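Shown next, in C-alpha cells, is the structure this report addresses.
The values are calculated or read from the model by the stated rules, or taken from the named source; none is laboratory data. These numbers come from a predicted model, not from an experiment. Here the Cβ is made from the backbone with ideal geometry for all residues, glycine too, and neighbour counts use every protein chain on show.
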Amino acid sequence: QKEVEQDPGPLSVPEGAIVSLNCTYSNSAFQYFMWYRQYSRKGPELLMYTYSSGNKEDGRFTAQVDKSSKYISLFIRDSQPSDSATYLCALDSSYKLIFGSGTRLLVRP
Amino acid sequence: EAQVTQNPRYLITVTGKKLTVTCSQNMNHEYMSWYRQDPGLGLRQIYYSMNVEVTDKGDVPEGYKVSRKEKRNFPLILESPSPNQTSLYFCASSLGQGAGEQYFGPGTRLTVT
C-alpha cells in the first residue's frame, strides 16, 4: 500500500465551479500536511501548509485535514482557468516530504 | 527575489559521461533536497541535507552523489549516468533543518541516451 494515495484525474470542471481534491494516507504519525500546485514544465509551488486536524483558508483555497480518517482535502472556490494545473498533496515525514502522485485539474472557460 | 535556481534547465547526454546539476538558493535556508519526478511514480527524494556538511540518502540514491560545502549550494552529481536516470529533477530548500515548507527550483530535464 502506498503511503499517500491521490486520484490522478484528470478532473475537468467549468469555470466558477467548486473543486474538491483529496488524498488519503496510511501513517497516523504524520502531523504536517501541504498542498502544492505544479504548472506544466514548472516546479511545484507551495499553496497551503497545515498542522494537525482542522481547516485553513487562504483566499479561494481551503485545506482540510481529518486525522481520524487519514484524509486531506483542498477546496478551490470560484475556480478559474488559471487554476488548471496538477495539484500534489505532501506529508512531512521529518526529513523528507512524501508526495501523492498528483491530480490534474482542468478548468474550462 | 527569493528563489531556488538550477542549471542547466535541459541536458541531453550519453551513458557514462559524468555530469553535475547545480542548485543554489538565496534564502539562507538550512535544508536542501533533490527529487526526481517520473510519470506514474511522482516525486521521489534522492538525497537531502540538513545543513552544511551533513547529507543523507533519500528513497532513490543509487547512481547519485551530493555535497554541501556551502549553505547556498547543493549540487547533484551523476558519476556515470545511465538511461534509467532520464527524468525531471527538482532541487528544493526549506528554512529549518527538517523537510518543512519546501520551495522548489524550476527543474532540470535530463535525457541520457
* Taking the range A:23-63, which residues are among the aromatic types (Phe, Trp, Tyr) and within 15 Å of the chain's Cα centre (by Cα)? -> A:Tyr25, A:Tyr32, A:Phe33, A:Trp35, A:Tyr36, A:Tyr39, A:Tyr49, A:Tyr51, A:Phe61
* **Subset of the range B:15-50 that is surrounded by 14 or more Cβ atoms within 10 Å (Cβ to Cβ), assigned to a strand (DSSP E or B) and over 13 Å from the mean Cα position of the chain (by Cα) - its residue that is farthest from the other protein chains (Cβ to nearest Cβ)** => B:Met50
* Asked: Out of all the residues in the range A:70-109, which are in contact with a Lys or Arg (Cβ under 7 Å, 6 or more places away or on another chain) and closer than 14 Å to B:Leu43 by Cβ?
  -> A:Thr86, A:Tyr87
* Asked: If you go through the range A:91-109 one residue at a time, do you hit one that is more than 14 Å from the chain's Cα centre (by Cα), over 30 Å from B:Ser49 (Cα atoms) and among the basic types (Lys, Arg)?
  -> yes
* Asked: If you take just the strands (runs of 3 or more DSSP E) that sit entirely in the range A:37-104, which of them hold at least 1 residues that are within 20 Å of A:Gly9 (Cα to Cα), modelled with pLDDT under 95 and among the hydroxyl-bearing types (Ser, Thr, Tyr)?
  -> A:71-76
* Residues of the range B:2-14 classified as under 25 Å from A:Ala90 (Cα atoms) and not in a strand (DSSP E or B), total -> 3
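Anything in the range B:47-94 that is in contact (Cβ under 8 Å) with a residue 60 or more places away in the chain and either touching a strand residue (DSSP E or B) at 6+ places or on another chain (Cβ under 7 Å) or not polar (S, T, N, Q) (or both)? List them, or say none.
Scanning the range B:47-94 gives B:Leu78, B:Glu79, B:Pro81, B:Ser82, B:Pro83, B:Tyr89, B:Phe90, B:Cys91, B:Ala92, B:Ser93, B:Ser94.
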* Structure fact -> Residues of the range A:40-77 being within 14 Å of another protein chain (Cβ to nearest Cβ) and among the hydrophobic types (A, V, I, L, M, F, W, C), in sequence order, are A:Leu46, A:Leu47, A:Met48, A:Ala63
* Can you tell me which residue within the range A:87-109, out of those that are more than 19 Å from B:Ser33 (Cβ to Cβ) and surrounded by fewer than 20 Cβ atoms within 10 Å (Cβ to Cβ), is nearest to the other protein chains (Cβ to nearest Cβ)? => A:Arg104
